[in-house]
Amino acid sequence: MADIVLNVELRDGVGSGAARAVRREAKVPGVLYGGPRGPVSLAVRTNDFRKALYTGKLLGHLVTL
């Protein structure tokens, strides 16, 4: 089984205003929950996320961030 690798960037802001700013930069905002650090805000490039989504493997494979 091949893993899917998504390059993510940590983002500073939280909330809807910060998420809109990330979308304007052609990125998908997200939050990673779990682990000792608590919630981590991140952003993924839209093209990379769409490519992983449209392959049909995103929901059934391990995703490495």
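The values are calculated or read from the model by the stated rules, or taken from the named source; none is laboratory data. Please read all numbers here as calculations on a predicted model, not as lab measurements. Don't worry about glycine lacking a Cβ; one is built from the backbone with ideal geometry, like all the others, and counts go over all protein chains shown. With ligands, DNA and RNA removed, areas are computed over all heavy atoms of the protein, side chains included. Shrake-Rupley method; radii C 1.70, N 1.55, O 1.52, S 1.80 Å.
Listed values, structure above:
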quantity: Of the chymotrypsin sites (Phe, Trp or Tyr not before Pro) in the stretch 1-63, those whose Cβ has at most 11 other Cβ within 10 Å and which sit in DSSP loop; calculated: Y33
quantity: Sparsely packed trypsin sites (Lys or Arg not before Pro) within the stretch 19-65, loop by DSSP, other Cβ within 10 Å at most 12; calculated: R37
quantity: Cβ-derived FRET efficiency at R0 25 Å, R37 paired with V5, nearest 0.05; calculated: 0.75
quantity: Antiparallel bridges, percent of DSSP beta bridges restricted to the chain (to nearest 5); calculated: 80
quantity: Ellipticity estimate at 222 nm from DSSP helix runs (n ≥ 4, -39,500 (n - 2.57)) divided over the chain, nearest 500; calculated: -8000 deg cm²/dmol
quantity: Carbon plus sulfur fraction of accessible area for the chain, probe 1.4 Å, in percent; calculated: 55
quantity: Distant-in-sequence amide H partners of K27 (H built 1.01 Å from N, under 5 Å); calculated: T46
quantity: Average accessible surface area per residue within the chain, 1.4 Å rolling probe, Å²; calculated: 76
